[in-house]
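*Asks:* Can you keep this structure in mind? I'll have questions shortly.
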Amino acid sequence: MSNPIVHVELVSADPDRLEAFYGAVFGWEFQDRFAQASSAGINANLDEGDPSEQRITLYAAVDDVEAALVRAEEAGAERVLGPHVVAPGELVVGRFRDPLGNLIGVAGPQ
C-alpha cells in the first residue's frame, strides 16, 4: 500500500471515557490523549455493502478474539459480531461498539 494508514482519530464528547475504555480493552496508554502506535504496519481492504451502512472500521490485532470481545463487553461495549472465522485455520474477527457507539474490530489467529 503506497499510502498506509498511520493515525486514528476518535472524536468524542467524552474523551476521558474513551481513554479509560480503550485502556481497559487493549491496554492502550495515552499521554495527553495520544497513544503511540507500534511499528507494525496496517493493511486495508474494500468491501461492498448497503450505502446506508457506509463506515470505516479499524481493526486492532489481538491474540484471542473472544477474550478481547469479552473484555470490551466488560468495559461497556456491545458485541456486534464474532468471533467469525474469515480464513479457516488463519484469521478470526469480531466487532463491537464502544460505549459511545463507535464500531471497532478485532482480528487474530484462529
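*Asks:* Cβ-Cβ below 9 Å, separation at least six or inter-chain, first residue in the range 20-32 and closer than 18 Å to A61 by Cα, second in a loop (DSSP other than H, G, I, E, B) and of a type outside the set (A, V, I, L, M, F, W, C): which pairs?
*Replies:* These pairs meet every condition: F21/G76; F21/D98; F21/P99; Y22/D98; G23/E29; A24/G76; V25/D98; E29/Q36.
*Asks:* S52 - would you say it is part of a helix (DSSP H, G or I), more than 15 Å from V106 (Cα to Cα), modelled with pLDDT under 75 and not β-branched (V, I, T)?
*Replies:* Values: part of a helix (DSSP H, G or I): yes; more than 15 Å from V106 (Cα to Cα): yes; modelled with pLDDT under 75: yes; not β-branched (V, I, T): yes.
So S52 fits the description; yes.
*Asks:* Of the numbered conditions (1) within 13 Å of Y22 (Cβ to Cβ); (2) modelled with pLDDT under 90, A107 fails exactly one; give the number of that condition.
*Replies:* Going through the list (1) within 13 Å of Y22 (Cβ to Cβ); (2) modelled with pLDDT under 90, A107 breaks only (1).
*Asks:* Now for a separate question. Would you be able to say whether some residue in the range 33-44 is loosely packed, with under 12 Cβ neighbours inside 10 Å, closer than 20 Å to A107 by Cβ and modelled with pLDDT of 75 or more?
*Replies:* Checking the range 33-44: not a single residue is loosely packed, with under 12 Cβ neighbours inside 10 Å, closer than 20 Å to A107 by Cβ and modelled with pLDDT of 75 or more.
*Asks:* If you scan the range 61-94, which residues turn out to be in contact with a Gly (Cβ under 7 Å, 6 or more places away or on another chain) and at positive phi?
*Replies:* G82
The values are calculated or read from the model by the stated rules, or taken from the named source; none is laboratory data. None of the values given here were measured: they were computed from a predicted structure. Glycine also receives a Cβ, built like all others from the backbone with ideal geometry; neighbour counts cover every protein chain displayed.
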